[in-house]
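Working notes, beginning with the structure itself.
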Amino acid sequence: MTPPVVRKVLYGGDYNPEQWPQQVWDHDYQLFDAARIDTVTLGVFDWALIQPAEDVYDFSLLDRIVGRATTEGRAICLATATGAHPPWLARAYPEVTRTDFEGRKHRYGQRHNACPSSPVFRRLSAELARRIAHRYAGNPSVVAWHVGNEYGGACYCALCAEGFRDWLQKRYSTLEALNAAWYTTFWSHIFTAWDQIEPPSALTEHWRGPDHTAFQGITLDYLRFMSDAMLACFLGEKAAIRESSPDTPVTTNFMGMYRPIDYHRWAPHLDFASWDNYPPDDTSQARMALTHDLMRGLKDGRPFWLMEQTPSTTASREVNPLKRPGAMRLWSWQAVAHGADGVLFFQLRASRGACEKYHGAVIGHAGRSDTRVFREVAQLGAELERLGGATLGARTPARVAVLFDWDSWWALEISDGPSRLVRYQQVVLAYYTALWESGVDVDVLPVTADLRRYDVVVAPALHMLKGDLARRLEEVAARGGSVLTTFLSGRVDEDDNAFLMDVPGPLGPLMGVRIDEWDARGPEFVNPVRLRDGETELEVEARLVFELVIPQGAEAVGTYRADFYAGTPAVTRNTFGAGHGWYVAAGLDQRGVSWVVRRVLSAHDIAPRHPDVPGLETAVRIAPDGAELLFLLNHGEEPVEFGVTRSGTDVLSGAHFESGQRITLDPRDVTVLRSEVG
């Protein structure tokens with residue numbers, strides 16, 4: 001058959017035909033046709049099959065697998081097979097396996113078990129990638145290269161200790177600079193030779209787990225180093241691929257808001273971002289939207305792939321709930337709404353054995369096509385065919401940016417004080433949820449991003465301030481924009497040392513506040529906060545952290561109602577140039593966060609879309625031809641009714657709607673309205 005030309009959202013997923021005999025392949029491809037599966041990810045875990053010994057390479061089975069997919073006209077996302085290393089490698093080179101945080105040297109087993117600093121692992125993984133790329137680069141069905149798989153797994157072995165010291169010498173050049181950054185005059189930690197430095201672990205600087213460390217600067221740098229060490233493995237394989245395949249895009253599958261790896265440091269090295277979406281429950285719609293926007297923001301708004309999702313259930317958790325009828329379709333469309341140009345599953349056929357045999361699949365063990373799951377997959381496949389290329393390359397026209405920073409995440413959660421109950425991801429999610437519920441299009445960006453095109457910048461728990469960020473945030477407000485930040489922001493510099501100035505550090509002039517004291521309480525303690533702006537007033541609850549604000553020009557928008565600081569500001573607004581800096585000094589509940597966020601949006605005439613329709617998510621993408629694509633998704637359990645704000649045609653049903661016309665969406669239903677703009 002003719003090799004595929006990508007003219008639509010790619011649809012398919014991980015396929016492992018090496019696990020089954022030929023007759024199963026025949027049946028699978030018949031079912032793929034029925035479900036409109038046009039893309040297969042091949043060879044993710046085939047290292048042991050391809051290379052059964054160090055000097056032996058056998059491509060006979062992979063040749064058959066790739067050949068069959070090509071003959072069947074499928075687009076191929078071809079992996080480098082390095083997602084897990086084979087037993088012989090660990091036996092021949094014991095130094096390849098990881099040493100964990102507790103200091104235990106691992107033997108062969110599981111996956112994510114290779115030391116990222118191991119020269120042997122880097123050499124052999126790159127060589128395998130080189131040979132695979134050389135063999136299949138000429139196949140036009142290969143539309144992308146998939147390096148590794150879900151990178152993760154920190155190591156604390158002697159090789160990593162050596163790599164850490166090399167990394168530190170490049171970062172600091174001198175021990176004097178390192179000692180200053182790590183504040184080593186504390187507890188007699190001054191290092192006088194590089195070889196005195198140990199990885200921070202349960203055997204050195206830590207107690208009670210990875211987040212309890214005597215020296216936050218050391219642990220922070222080790223987190224950065226380990227992220228970079230794994231990136232070096234990726235880069236080695238990518239460079240090997242490029243020797244034979246200079247143009248086919250290269251990616252690896254991220255895991256969304258995954259704390260151990262700073263995906264912003266990785267993003268420049270991927271040709272496109274992709275990620276695996278496995279929400280913990282069926283109430284994670286805002287969290288999924290946040291993560292989609294984060295993945296899109298990694299590459300400056302360019303589309304990403306949803307590389308993995310389950311069509312039904314996971315198998316890795318204590319309890320693995322089933323996706324309710326319609327949820328898989330709805331969540332897939334949510335990915336497209338937020339920028340996905342590929343919707344793929346793990347897995348296309350269920351494994352027969354090992355730890356993922358009960359993980360959901362498009363095709364179950366019985367190979368049936370009359371299951372509910374298969375019917376839903378086929379329905380979505382038909383809809384994506386009808387969508388065609390309408391969304392390919394489309395962009396999100398966001399006027400609001402949310403800053404997401406791994407360094408702030410790490411620094412906040414390894415800090416002693418004021419509260420270990422404050423979790424960075426939860427704070428960011430609360431503010432994103434307020435925007436999501438308002439139907440506002442959002443870009444989730446690194447702190448290094450260009451902010452000039454945004455009217456509103458939301459920076460929750462911006463604990464660490466690096467580089468010229470404070471100045472760039474001031475520029476947003478000075479030209480008429482709004483900057484919103486929260487408690488525990490502006491506390492430390494890039495070395496995790498406190499600023500020698502009033503809290504919130506360099507953000508003080510923009511926020512117009514000074515904070516000398518802060519209170520932290522258990523989750524059962526509530527201090528009410530009264531919010532007031534003009535005639536609008538609301539009393540909400542605040543928990544965990546309560547900063548005591550001394551205005552330095554800012555006006556109070558919310559005040560505490562209890563304790564000795566009752567009547568003092570909890571939320572402030574400061575005029576700065578033509579705009580404002582907003583500061584939320586306490587852990588407001590979701591009602592309070594949403595109230596503040598809507599006040600900020602209203603100052604810029606950013607009108608919420610259908611704010612009174614609970615469960616309705618909206619998102620806009622602008623197609624390359626200028627058409628507006630409005631996605632309307634009902635996450636609720638009941639039908640919703642609302643008026644269309646712009647005339648358009650539903651690209652799924654072909655129905656036309658005039659502006660103002662009422663539309664009803666059933667539970668977990670989707671409409672995609674295309675409107676010609678201009």
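Annotations for the structure displayed:
- Which listed residue is of a type in the set (A, V, I, L, M), within 24 Å of GLU376 (Cβ to Cβ) and in contact with a helix residue (DSSP H, G or I) (Cβ under 7 Å, 6 or more places away or on another chain), from LEU652, LEU630, LEU665, LEU673: LEU652
- Test result for ARG171, assigned to a helix (DSSP H, G or I) and either assigned by TED's automatic domain parsing to the domain that holds TRP194 or over 26 Å from ILE241 (Cβ atoms) (or both): yes
- Matching residues in region 215-269 - criterion: being touching a helix residue (DSSP H, G or I) at 6+ places or on another chain (Cβ under 6 Å), among the β-branched types (Val, Ile, Thr) and under 23 Å from SER408 (Cα atoms): ILE218, ILE261
- Any hit, region 437-460, residues being outside the structural domain of LEU630 (by TED's automatic domain parsing), touching a Pro at 6+ places or on another chain (Cβ under 9 Å), part of a helix (DSSP H, G or I) and not charged (D, E, K, R): no
- Residues that are touching a residue at least 60 places away in the same chain (Cβ under 8 Å) and closer than 20 Å to LEU632 by Cβ, drawn from region 602-612: ILE606, PRO608, ARG609, HIS610, PRO611
- Cβ-Cβ contacts under 8 Å between residues 6 or more apart (or on different chains), taken from a first residue in region 573-593 that is buried (at least 24 other Cβ atoms within 10 Å of the Cβ) and among the aliphatic types (A, V, I, L, M) to a second residue that is at pLDDT 95 or above and part of a loop (DSSP other than H, G, I, E, B), are listed as VAL584/PHE487; ALA585/PHE487; ALA586/PHE487.
- Within region 50-77, considering residues that are assigned to a strand (DSSP E or B) and in contact with a strand residue (DSSP E or B) (Cβ under 8 Å, 6 or more places away or on another chain), the one surrounded by the most Cβ atoms within 10 Å (Cβ to Cβ): CYS77
- Any hit, region 78-88, residues being part of a strand (DSSP E or B), touching a His at 6+ places or on another chain (Cβ under 9 Å) and closer than 12 Å to VAL142 by Cβ: yes
- Residues that are touching a strand residue (DSSP E or B) at 6+ places or on another chain (Cβ under 7 Å) and in a strand (DSSP E or B) occur in region 470-483; there is at least one.
- Where THR97 falls short, out of the listed (1) in contact with a Cys (Cβ under 8 Å, 6 or more places away or on another chain); (2) of a type in the set (S, T, N, Q); (3) farther than 30 Å from PHE225 by Cα: (3)
- Whichever residue in region 174-195 is among the aromatic types (Phe, Trp, Tyr) and part of a helix (DSSP H, G or I) and, among such residues, is nearest to ILE218 (Cα to Cα): TRP182
- For region 195-211, the count of residues that are touching a Leu at 6+ places or on another chain (Cβ under 7 Å) and modelled with pLDDT of 95 or more is nonzero.
- Verdict on VAL24 being at pLDDT below 95 and surrounded by fewer than 20 Cβ atoms within 10 Å (Cβ to Cβ): no
- The C-beta contact set for region 427-441 (first residue over 14 Å from PRO460 (Cβ atoms), second residue among the basic types (Lys, Arg) and at pLDDT 95 or above, distance under 9 angstrom, 6+ apart or interchain) comprises SER438/ARG598; VAL440/ARG399; ASP441/ARG399; ASP441/ARG621.
- Selected residue [part of a strand (DSSP E or B) and not charged (D, E, K, R)] from HIS580, HIS610: HIS580
- Residue tally, condition surrounded by fewer than 20 Cβ atoms within 10 Å (Cβ to Cβ) and closer than 23 Å to ASP282 by Cα, over region 621-634: 1
- Subset of region 651-662 (residues that are buried (at least 17 other Cβ atoms within 10 Å of the Cβ) and assigned to a strand (DSSP E or B)): PHE657
The values are calculated or read from the model by the stated rules, or taken from the named source; none is laboratory data. What you see is a predicted model; the values in this text were computed from it and never measured. All Cβ positions, even for glycine, are placed from backbone atoms using ideal geometry, and neighbour counts span all protein chains on display.
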